[in-house]
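The structure appears right after this line, and notes come after that.
The values are calculated or read from the model by the stated rules, or taken from the named source; none is laboratory data. Fair warning: this is a prediction, and the values are worked out from it, not measured in the lab. Cβ placement follows ideal geometry from the backbone for every residue including glycine, while neighbour counts extend to all protein chains displayed.
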Amino acid sequence: MRSTSFKAGVLGTLLALLVPTGEAFANPPFERTEARERCTSFVATKQPFFGETHLHTAYSFDAVALDTRNTPADAYWYAKGGRVGLPPWADTRTAEDIPPLSQPTLVTEHPYCMPGEHCQFMATRTIQFPEGRALDFAAITDHAEQFGESNICTFEATQTCTSDSDCNPVVTGQACSSDSLCRPSGYDSATCIAARDEFSRIRQGAVASVMAGFENVSQNPSRPPFCGPDGSLCTRQAKLVWDRIRADAEEAYDRTSACTFTSFVAYEYTAMAANGRCADALALPCWDAAQNNAHPDVPDSSAPSADCPSGAACIMNFTGNSGADNLHRNVIFRNDDVLDQPISNVERPLGCGFGAACTSTPDWPVASPAVMLQTLKDACIDNPAKPRCDVLTIPHNPNMSRGSLFILPDNTSDGLTEAKLRHQLEPLVEIMQIKGQSECRYNARTGMAWTNPPDELCDFENQGWARLGGSADGYLTDAMQTTDSIPPRSYVRNTLANGIAYAARNGVNPFQLGFVGALDNHNGTPGQTDAQQYAKSGAHGIQSFATSAEALNERFFLGLETNAGGLAVVWAEENSRDAIFTALKNRETYATSGTRPIVRVFGGFGLPADICTRGDFAARGYANGVPMGGTLRGTSGGQAPRFAISALMDPGWSGHPGTPLQRAQIVKGWVDAAGQTHEAVYDVAGAGDVQNVDDMVDLRTCQPKGVGLTDFCTLWTDPGFDPALHAFYYVRVLENPSCRWNQYYCNARGVDCSQHMGTCRGEGSSFDGLGCDSETDCGDAVCTLPDSYEEYEYTQCCSGIVPQTVQQRAWTSPIWYVPARRRPPTPSRDLSARAGSQAAAE
Amino acid sequence: MNEPLRWQWLRHPVLHFVLIGVILYGASLLWSPSVPEQPPAQREPVVISAARIETMQTDFARRWGTRPTPEQLSALIAQAVDEELLYREARLLALDFEDSSVRRRLVEKMRAVSDRPGRSPDELVREAHALGLDDDIVVRRLLMEKMRLVLAQDPMAPPLTETDLRDYLHRHRDRFEQPDELTFSHIFLSKSAHGADLEGDAQRMLAQLRARSTPLSVALEWSDPFLLGQQIRAYSQNRLTARFGKSFAEQVFTLQPGNWSPPIASPYGLHLVWVEEKTAPRLPELATVWRQVAEGAQKERADAQLAQGMAALRKRYEIRIDGRTDPSARDAALTSPPRP
């Protein structure tokens, strides 16, 4: 791997010479780093694979705290089409259930059984993909910070003992507790007892959150006392969990020539920016773990904060602005040659960025991943002891980062080093997940736009929570949602523009981000993006919508403003780790908001005019251009690039037809000679004129109706091209409107908005039997509501404030245009690396 | 030298050995009466009483909402017999001696019933034995589990060889076999492009294809462009279902190679399909599934060993089942597979 970039550079040059002959894709397409059978279904011009890149299971403390029992093994089983359980569980434990001596466990397995079977925990709800909707690949990404803590606090003992030595403490870290069962040291700590007590009663995961409040922050992260003075008790348990995660991934991976499923070893790096302010004149950034928010702009306690040099207290209760900047990243490894232990926020917290001095700069968050990325690079990619190790990280939810996820590096050589690091290790961004989309933002009710010109289609799955978590006053109502409270760089379109502006000036693009969509669900059910199922299952264990009246509450953090989540689609030669990882690294990917249209894009100066009408779309696309995620370099002729876009609608499944496509758009961003960024959205296929929603979907059954495109192909040439300016182009494909999940919820609850909510009841009253919405409609009679739903639900379902339909969509990774002349001075090695990645994409 | 030859045999070592042997044997005969003869293991008959059977039936009814069928009842009885055999044999082999789980259970129970807390665990265990508290549902479960492990082990068995694994792989084709894969070319008629003429156009094209026996490469040029290409390579039925829908996948998988199919509908339009190749079901290389095969073979061997052990146990005990005097009925009840 060491010489990869050099080799790729040489290869890239050779390929560039071969391109006109159209043979580029016939060369070995990706480096093979593992021992496995070749796939029979290998296709040199690549095929689409649907997958998951972000998912939590019972090995995440915040998921097990919400009563999720699915482990990574269960999650992979679900991804492959198997049936798994969801909470609540029928707990049938008795005092006489003692686990057999023969199977001591190091990592809790959280076993359960299906309805009808008999065991200690029986699932009361189950879930399974419809036929044909299983995933092709999945990466399970549990929170690495609490691997050990979670295993210690929630361990389910399986081995009896009379003394510590029975528990083999050197290997297991377990001791013989007072009830003669082997458990990890720390199980009986006050923190763990509080955590378990809370799980068993209110199941809000508060203790897990508080623990994350100490461990996931960029300022002085610390492990709880039960981890021991150096934290080693927890890191040792974390290693056991990590080994288990690796084994589960290996078990799920299909190494046969059938290539039916690919798993990835992965974890989530769960960092949050310090975002309090010291209560002194400097107001430097700090972190207050308590976050009581008792009084606006007053510290919760006068205790000096470790983060404030003056010894002042930390204020972290700015009204309407509390919470934490989400700076999470999913870390995905190429193969089974991985780190011995994950690098979490506790080991490598966020810092100031290379050369920056954010901790002494007011209003500047501590939010740079540079040190973590460098450590990851040293420990994996550049580590001679791990010759096959390769890794990438995918940031998610910039929409909840208050702009902190994509702060530009400095215009210094240190800043440039950071920019290169991010360019190399962060090729993708998760643009869509259950906590909203991050492409762009628009609020139709206030007309507030985060793009220029306003883009109405950005009014889609937006969050009123501009930051992660926090108390209810962190929720921004429509009027509070401004470009001040939600900085524009919280959105990917603006970030892409900032990236090319930086590249135009410094030669390196720190934010050359392709797109994936994902779930971030905490149920252990990867790829479960179906709206109808989401209306029942929700995404957060016991706080499911089937058991919670909070589903329609927008201020409930996990309620109305969440959605069923997105999917990642990669174009790869075959379904193997090497092929899919290479596609992720080369950004030959697109994100969907959960449905499964198939979209393919090529950009190039020489794309033939008949590419859509004569077959061989892919072969001719590769021969004459670059695929999504690639880079076009300016030609001396200065001609405008063409973009070929071809799509198929989601085929749906038996009894559930897919929704036809409405149109395709190209979003172009560019930076002018003065460094100013611009953007434009072009309709390039399909009908832009909007039909009546009622003509396209039946709101009672949610079946699609009316016309739309089942497939299309179009070739578009940029009418406003300037060969001297950096630019990016990405494609947005929109489906016809379909039911949002809350419409399924309302239908399932029996709410019919075409009828009055209730019925007047009154013996002998002239109003008896009439429809009513309140007592005043019934005169002397009483307005009785139906048994099946509540007034609140009727209001939410029928007021029109909550959207009943959405336009599901796909976003393809951008194609970047880099001008040919006046190439900025950059180290030659970096240029060869980028030429290499472009060539590999070809 | 002048010693008479006829006495020389007295010096022969063989004689000395024989004599020593005789003396030792005599001594052993003299000594043995003082060591009590090890009594042969007493194996009382295993009896499943009518009352026990009735309890099984009511338990079953409570859990499943219906009384067991005769087959289910036989299985329940066989299971009860097996468990009793395992427990008895475990006690006979003293598997509970110094067992920490059993000990813990006894201490726990004794603490619950004893009026004098704070005594040493050893004392509690002794007293529990004296009170007969060791015949206990948990202790039973622990001992049965332990006995199963003892029976399933075969310390003399040679390690599994590659041949064994290969043999296992071939005997479990259904578990390891790769799904059938289909490679086909298709002429696609887009619903969007053909509109109302879709069906008619497809039929006309099919008639032409069949009449002229057009070469495949020429025929494919009649197709509307299709994003996934004109040739669909090595698709399993699952994958075909995912991309083209269930009905399309089912129809295409019934086609024979070397013919143009009638128009087959997908969500995108109609397809005339020419199957090129259908792979025969095949087994993966042993190396790629080594771990699963090794685990399976290991388990198979342990199961067989356990079954053998159970069969031997059943022979050692007299088994009586109330109401089942007919030996064939009793045997039927006992030949139900043992619980794994």
Region A:632-659, subset over 21 Å from A:G621 (Cβ atoms) and either among the basic types (K, R) or not in a loop (DSSP other than H, G, I, E, B) (or both), residue farthest from the other protein chains (Cβ to nearest Cβ)
A:H656
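Looking at this structure, is A:G758 surrounded by fewer than 22 Cβ atoms within 10 Å (Cβ to Cβ) and either closer than 26 Å to A:Q437 by Cβ or out of contact with any strand residue (DSSP E or B) (no Cβ under 7 Å at 6 or more places or on another chain) (or both)? Even if it seems obvious, please write down each step before you answer.
Details: surrounded by fewer than 22 Cβ atoms within 10 Å (Cβ to Cβ): yes; either closer than 26 Å to A:Q437 by Cβ or out of contact with any strand residue (DSSP E or B) (no Cβ under 7 Å at 6 or more places or on another chain) (or both): no.
Judged against the criteria, A:G758 is not a match.
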Going through region A:432-450 in order, the residues found to be in contact with a strand residue (DSSP E or B) (Cβ under 6 Å, 6 or more places away or on another chain) and under 22 Å from A:T677 (Cβ atoms) are A:S438, A:E439, A:Y442, A:A449
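Quick test for you: out of A:S178, A:S165, A:S150, pick the one residue that is within 14 Å of chain B (Cβ to nearest Cβ) and assigned to a helix (DSSP H, G or I). Spell out the reasoning first.
Details: A:S178 fails: assigned to a helix (DSSP H, G or I); A:S150 fails: within 14 Å of chain B (Cβ to nearest Cβ).
Only one candidate passes the filter, namely A:S165.
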Pick from region A:265-289 the residues that are farther than 28 Å from A:L519 by Cβ, part of a loop (DSSP other than H, G, I, E, B) and in contact with a strand residue (DSSP E or B) (Cβ under 9 Å, 6 or more places away or on another chain): which of them is modelled with the highest pLDDT?
A:A279
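Of everything in region A:688-727, what is in a strand (DSSP E or B) and of a type in the set (V, I, T)? Give them in sequence order. Before the answer, list the steps.
Applying the first criterion (in a strand (DSSP E or B)) to region A:688-727 yields A:697, A:704, A:709, A:711-717, A:727.
Passing the criteria: A:V697, A:T714, A:T717.
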When you go through B:A219, B:A157, B:A193 one by one, which is the residue that is within 50 Å of the chain's Cα centre (by Cα) and of a type in the set (G, A, S)?
B:A157
All but one of (1) under 27 Å from B:V150 (Cα atoms); (2) at pLDDT 90 or above; (3) among the hydrophobic types (A, V, I, L, M, F, W, C); (4) surrounded by fewer than 15 Cβ atoms within 10 Å (Cβ to Cβ) hold for A:L106; state the number of the condition that does not hold.
(4)
Across region A:237-281, what is the total count of residues that are more than 10 Å from every other protein chain (Cβ to nearest Cβ), hydrophobic (A, V, I, L, M, F, W, C) and within 30 Å of B:T183 (Cβ to Cβ)?
3
Hits in region A:208-240 - residues which are assigned to a loop (DSSP other than H, G, I, E, B) and not polar (S, T, N, Q)
A:P221, A:R223, A:P224, A:G228, A:P229, A:D230, A:G231
When residues of region B:287-313 are filtered for being more than 28 Å from B:F253 (Cβ to Cβ) and surrounded by fewer than 18 Cβ atoms within 10 Å (Cβ to Cβ), how many remain?
16
Given the conditions (1) of a type outside the set (G, A, S); (2) part of a strand (DSSP E or B); (3) away from chain B (no Cβ under 14 Å), every one holds for A:Q662 apart from (3)
With respect to A:D164, determine if the residue is of a type outside the set (V, I, T) and surrounded by fewer than 18 Cβ atoms within 10 Å (Cβ to Cβ).
yes
Under 6 Å between Cβ atoms, which residue pairs at least 6 apart in sequence (or on different chains) link something in region A:113-133 that is within 14 Å of chain B (Cβ to nearest Cβ) and in contact (Cβ under 8 Å) with a residue 24 or more places away in the chain with a partner that is part of a loop (DSSP other than H, G, I, E, B) and surrounded by 16 or more Cβ atoms within 10 Å (Cβ to Cβ)?
A:F129/A:G81
Hits in region A:110-120 (condition: modelled with pLDDT under 90 and surrounded by 15 or more Cβ atoms within 10 Å (Cβ to Cβ))
A:C119, A:Q120
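When the residues of region B:169-185 are narrowed to those that are outside any helix (DSSP H, G or I) and out of contact with any strand residue (DSSP E or B) (no Cβ under 8 Å at 6 or more places or on another chain), which ends up farthest from B:F253 (Cα to Cα)?
Here is the first cut: in region B:169-185, the ones outside any helix (DSSP H, G or I) are B:172, B:177-185.
From the residues that got through so far, the ones that are out of contact with any strand residue (DSSP E or B) (no Cβ under 8 Å at 6 or more places or on another chain) too are B:172, B:177-179.
Details: B:H172: 24, B:E177: 17, B:Q178: 15, B:P179: 12 Å.
My answer is B:H172.
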Here is a check on your reading of the model: is B:E89 within 14 Å of another protein chain (Cβ to nearest Cβ) and either modelled with pLDDT under 85 or surrounded by 21 or more Cβ atoms within 10 Å (Cβ to Cβ) (or both)?
no
Among the residues of region B:113-154, write down those that are closer than 30 Å to B:Q305 by Cβ, buried (at least 16 other Cβ atoms within 10 Å of the Cβ) and either free of Cβ contacts under 8 Å to residues at least 12 places away in the same chain or touching a Lys or Arg at 6+ places or on another chain (Cβ under 8 Å) (or both).
B:D136, B:V138, B:V139, B:R141, B:L142, B:L143, B:E145
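Each row is one residue, and each column tells you yes or no for (1) part of a helix (DSSP H, G or I); (2) more than 29 Å from B:A51 (Cβ to Cβ).
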{"position": "B:R88", "(1), (2)": "yes, no"}
{"position": "B:D96", "(1), (2)": "no, no"}
{"position": "B:V107", "(1), (2)": "yes, yes"}
{"position": "B:D122", "(1), (2)": "yes, yes"}
{"position": "B:L142", "(1), (2)": "yes, no"}
{"position": "B:P155", "(1), (2)": "no, yes"}
{"position": "B:D167", "(1), (2)": "yes, yes"}
For residues in region B:25-66 being surrounded by 11 or more Cβ atoms within 10 Å (Cβ to Cβ) and at pLDDT below 85, which is nearest to the other protein chains (Cβ to nearest Cβ)?
B:W64
Which residue, of B:T183, B:T161, is more than 30 Å from B:V273 (Cα to Cα) and polar (S, T, N, Q)?
B:T161
Across (1) crowded, with 19+ Cβ neighbours inside 10 Å; (2) farther than 25 Å from A:C440 by Cβ; (3) touching a helix residue (DSSP H, G or I) at 6+ places or on another chain (Cβ under 7 Å), A:L785 clears everything bar (1)
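Going through A:A44, A:A63, A:A73 one at a time, which residue ends up being assigned to a loop (DSSP other than H, G, I, E, B) and either at pLDDT 95 or above or not acidic (D, E) (or both)? Reasoning before the result, please.
Numbers: A:A63 fails: assigned to a loop (DSSP other than H, G, I, E, B); A:A73 fails: assigned to a loop (DSSP other than H, G, I, E, B).
Unique residue meeting the criteria: A:A44.
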